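Encoded as structure tokens, the structure appears first; notes follow it.
The values are calculated or read from the model by the stated rules, or taken from the named source; none is laboratory data. From a predicted model like this one, the values you see are computed outputs, not experimental measurements. FYI the Cβ positions are ideal-geometry reconstructions off the backbone, even for glycines, and counts take in every protein chain you see.
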Amino acid sequence: MELKGFRFSAVEAAIKKPGRLDLALIFSDAPAQVAAVFTTNKVQAAPVMISRERASSGSCRALLVNSGNANACTGEQGRLDALECGRRAAESLGLADDELLIASTGVIGQALPMDRFRGAIEPLVDGLAAGTLENVAAAIMTTDTFPKLERRSGSAGGKSYGIAGVAKGAGMIQPNMATMLSFLVTDAAVDASFLKSAFAECIDASFNSITVDGDMSTNDTALIIANGAAGNPLIMAGTPEGDAFRARLLDVLLSLAKLIVKDGEGATKFVEVKVQGAVSKAEAKTAALSVANSLLVKTAFFGQDANWGRIICAVGYSGAQLDQGRVGIRFDDVVMVENGVFVGGNAEAAGTEVLQKKEFTVTIDLHLGNGEASVYTSDLSYDYVRINADYRT
């Protein structure tokens, strides 16, 4: 799939340590639209504050992103350092400062190694001639064990277009507005207001519906850049072309979100927690998140223990309306609970067999209404503790 009008680059700047790509650039040859969402954490990194303001204009040409250092809780010097990094990259690209967005991920509270940034900008820009989106996906990794990249294609008005995206994240994942980092590009021509609304809707059903450990980062950023280079008629809301674009956008975002959960720090299980029969979609999601974030539930998943009591307990304290005498629980197709009580028989053994799989679904039916939502989560293993105990070393 060819994406027209975009170029990519990544280099090794040794921001945290040598031996890996850690500084990346996405560049649009033509002026482009941008829609973005950021962390709702009240403690925010300097690049988040800068990019939030710049993205509010609805346009940008480039994104500079680094891993290995979050540039968070670094005070005024951190803001000045982020601005300098952006300014140097923008000047090399022939852009105004505010045409370039900035993102960072890594250790909180440490100053950027500015000498390494300064020396890396020129080779980074030069690398646009031969770089790939795969390079960007590799450069934004921290504790990720594999790069995350998804592509989809579509057409509008007889013109083909593409949507491609990368993401990083394995810990501090319950973003509540974005994810650790995710960047999408499309050469489709899309109405600006539709791009913004469609992106927000799709984020809610993807990155806002995953959790690894219930923690939210100071740096969460997700954005999409659309440059219209495909030459298609403008894609508008409320049209078949608009519906198709939104569906492909959701497919990319949800696929990336699931990859993050599958790569959760120390994860051995990928679990869909599906709540149905709630009084509303919002309450279904509240209940699903409560189960997906429960440490007792997640450790039971790791131990392959069919402990449905932990699940119904987490639904009960979630705040969602329920009548415990109506609740049903299934592990895949295995019925564990009906009308709030264990079904008995061979359900324990059959449920344990389901939990031995790497991927399975827990379905909770509240039998109160039509509200339905899914949240995707991982188990909690010994390795999660090991990884995060040693994160800064």
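Looking at the structure I just gave you, is Val385 outside the structural domain of Gly109 (by TED's automatic domain parsing), under 27 Å from Lys281 (Cβ atoms) and part of a helix (DSSP H, G or I)? The answer is no for Val385. Mind listing whichever residues of segment 33-56 are in contact with a strand residue (DSSP E or B) (Cβ under 8 Å, 6 or more places away or on another chain) and either in a loop (DSSP other than H, G, I, E, B) or not assigned by TED's automatic domain parsing to the domain that holds Phe117 (or both)? Correct list: Thr39, Gln44, Ala45. With respect to the conditions (1) touching a strand residue (DSSP E or B) at 6+ places or on another chain (Cβ under 9 Å); (2) among the aliphatic types (A, V, I, L, M); (3) modelled with pLDDT of 95 or more, Leu250 lacks only one, and its number is (1). If you go through segment 52-70 and pick out every residue that is among the polar types (S, T, N, Q) and more than 17 Å from the chain's Cα centre (by Cα), you end up with 4. Just to be sure, is Arg61 over 17 Å from Ala222 (Cβ atoms), crowded, with 22+ Cβ neighbours inside 10 Å and touching a residue at least 24 places away in the same chain (Cβ under 8 Å)? Answer is yes for this residue. Taken together, Glu12, Glu91 contain a single residue that is under 29 Å from Arg151 (Cβ atoms) and among the acidic types (Asp, Glu), which is Glu12.
The residue list Glu348, Glu372 contains one member that is part of a helix (DSSP H, G or I), closer than 30 Å to Asp323 by Cβ, acidic (Asp, Glu) and at pLDDT 95 or above, which is Glu348.
Gly109 fulfils the conditions (1) over 27 Å from Phe194 (Cβ atoms); (2) in contact (Cβ under 8 Å) with a residue 12 or more places away in the chain; (3) out of contact with any Cys (no Cβ under 6 Å at 6 or more places or on another chain) except for a single criterion, (3). With respect to the stated conditions, Arg116 is of a type in the set (Lys, Arg), surrounded by 14 or more Cβ atoms within 10 Å (Cβ to Cβ) and touching a residue at least 40 places away in the same chain (Cβ under 8 Å). The helices (runs of 4 or more DSSP H) falling completely within segment 250-345 that include 1 or more residues that are over 30 Å from Ser182 (Cβ atoms) map to 308-316.
Among the residues here, Glu76 qualifies as of a type in the set (D, E, K, R) and either within 22 Å of Arg118 (Cα to Cα) or in contact with a Ser or Thr (Cβ under 7 Å, 6 or more places away or on another chain) (or both). Is it fair to say Glu359 is within 19 Å of Lys262 (Cβ to Cβ), in contact with a Lys or Arg (Cβ under 9 Å, 6 or more places away or on another chain) and touching a residue at least 12 places away in the same chain (Cβ under 8 Å)? So Glu359 passes the test.
Can you find even one residue in segment 225-232 that is modelled with pLDDT of 95 or more, among the polar types (S, T, N, Q) and surrounded by 19 or more Cβ atoms within 10 Å (Cβ to Cβ)? The answer is yes, given that some residue of segment 225-232 is modelled with pLDDT of 95 or more, among the polar types (S, T, N, Q) and surrounded by 19 or more Cβ atoms within 10 Å (Cβ to Cβ).
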